Amino acid sequence: MTFAVTSGADARQQYYQKIDKKNLTPLWEVLHGLVPPSPRPVVTSAIWHYAEIRDELMEAGRLITAKEAERRVLILGNPGARGQSCITNSLYAGLQLILPGEVAPAHRHSQSALRLVLEGEGAYTAVDGERTTMRHGDFIITPSNTWHDHGNTGDQPVVWLDGLDIPLVRFFDAGFAEKSEADSQEEARPEGDALARYGHNMVPIDFAQHSSDPTKVFVYPFTQTREALLGIARMPADPHLGHALRYVNPATGASPMPTIGAFARYLPQGFETLPYRSSDSTIFTCLEGEGVAEVGDSTFPFGENDVFVIPSWQAYRLQAKRNTILFHFSDRPVQQVLGLWREQKMA
Ligand code: 1HN
């Protein structure tokens, strides 16, 4: 036998209202939105031109001290997700300014952070008792729950890009944070100790690391990144990526931090990538050179220190107008351990 279906929109609407009081909703009204055939990111592609925002950042320097702000940062808010303090669904980005003589006091939190130094010299970041001097293009990490503070002992404003996994940690409701009593950490080891011990293709003789631990190396100096990129550029480039390298925990080959992957690329002058897309929404920064990013209907000319974001599964092409070095970061390592990550190299 067959069962009769009472058709008619009214009957259904009445039914939906009735069951709503019991916190019930019909899957069939939302199914296709829940499981789309391919990603439908709410975040959009966007670019922040450093020359257009530098003045705003310096103005913040006249309005509030680093100590009062705790961190003097302008958040790069994705225009598709206004007010949500995120640049992609899973990641946060901001530009941080520290002026000569200032200190950004020590704290720690579950959220992992990366820094990419954009302007100025003379500032340092201290991570679990070791300082590192920040120089243009240096990639510095403060893994989950490591104590960190910043200071500027030089005579210039120093600016860097912060990237954190704040939305990801919020998604899991897994965030904890605490402040240190002292603004600046006691020095436990001299500057350069971690790089000497772990950053020269060697590790201490009795060192053993669990695969999930973050790297002991917490600074990836730009001089080394640049040398590596130019070194591989003597061989042909990948047509979709250019000359591309991934930052690793040198002891394991895994991403420096489990939640954020970081990458560097060299595109020689005139190089144009073929269209490419991947399921990790990606934040790019231009460290040297200039070029154009084409994504969907948008064309973003970019130069030094500009930051742009490409949402998940949107095809893009990059053109280098001069010899260009790009840094980028995303949640790729998370997607990879979960078996979710995809890429497509297009013709
Ligand atoms: C943080 O700890 C830093 O240590 C920067 O420099 C930005 C944004 C939200 C939460 C913590 C830093 C941050 C942050």
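Since every read-out is calculated from the coordinates, none of them should be taken as a lab result. What you see is a predicted model; the values in this text were computed from it and never measured. For neighbour counting, all protein chains shown are included, and Cβ atoms are generated from backbone atoms with ideal geometry for every residue, glycine included.
Ranking request for peptides 133-141, 220-228: highest mean number of other beta-carbon atoms within 10 Å first, then the rest in descending order.
Working: 133-141: 21.6, 220-228: 16.8.
Peptide ranking by packing, descending: 133-141, 220-228.
Each Lys and Arg adds +1 at its Cβ and each Asp and Glu adds -1 at its Cβ; summed about the Cα centre, the stretch 77-133 shows a dipole of about 260 debye.
Among rounded, prolate and oblate, which fits the stretch 234-347 when a ≥ b ≥ c are the square roots of the eigenvalues of its C-alpha gyration tensor, a/c under 1.5 means rounded, and a/b larger than b/c means prolate? Working shown, then result.
On the way: a/c = 1.67, a/b = 1.35, b/c = 1.23.
Prolate shape, in that a/c is at least 1.5 and a/b is the bigger ratio.
Within a straight-line Cα-Cα reach of under 27 Å, Lys179 can be paired with the following lysines, leaving aside sequence neighbours fewer than 8 residues apart in one chain: Lys67, Lys216. Of the residues Pro258, Leu287, Ile310, the one whose Cα sits farthest towards the positive end of the charge dipole of the stretch 245-347 is Pro258 (charges of +1 on Lys and Arg Cβ, -1 on Asp and Glu Cβ, taken about the Cα centre).
Assuming a ≥ b ≥ c are the square roots of the Cα gyration tensor eigenvalues, decide whether the chain counts as rounded (a/c under 1.5), prolate (otherwise, with a/b larger than b/c) or oblate. List each step's numbers first, then the result.
Numbers: a/c = 1.77, a/b = 1.47, b/c = 1.20.
Judged from the Cα gyration tensor, the chain comes out prolate (a/c at least 1.5, a/b above b/c).
Is any residue of the stretch 135-158 close enough, with backbone N under 19 Å, to a label point placed 7 angstrom from the Cα of Thr65 along the Cα-Cβ axis, and if so, which? Output list for this probe position: 149-158. Between the listed residues Val203, Val337, Trp147, the Cα displaced farthest toward the positive end of the dipole of the chain, a dipole computed from Cβ unit charges relative to the Cα centre, is found at Val337. Packing here is the average count of other Cβ atoms within 10 Å per residue, and on that basis the peptides 290-296, 209-215, highest first, run 290-296, 209-215. The packing ranking of peptides 49-55, 266-272, highest mean first, is 266-272, 49-55, where packing means the average number of other beta carbon atoms within 10 angstrom of each residue.
For the chain, what's the relative contact order in percent, using C-alpha pairs closer than 8 Å and at least 6 residues apart? It comes to 16 percent, rounded to a whole number.
Based on DSSP H segments of at least four residues, each scored -39500 (n - 2.57), the chain has a per-residue ellipticity at 222 nm of -5000 deg cm²/dmol. The residue list Val42, Leu91, Ala194 was ranked by how far each Cα lies along the charge dipole of the chain toward its positive end, using unit charges on Cβ atoms, and Val42 comes out on top.
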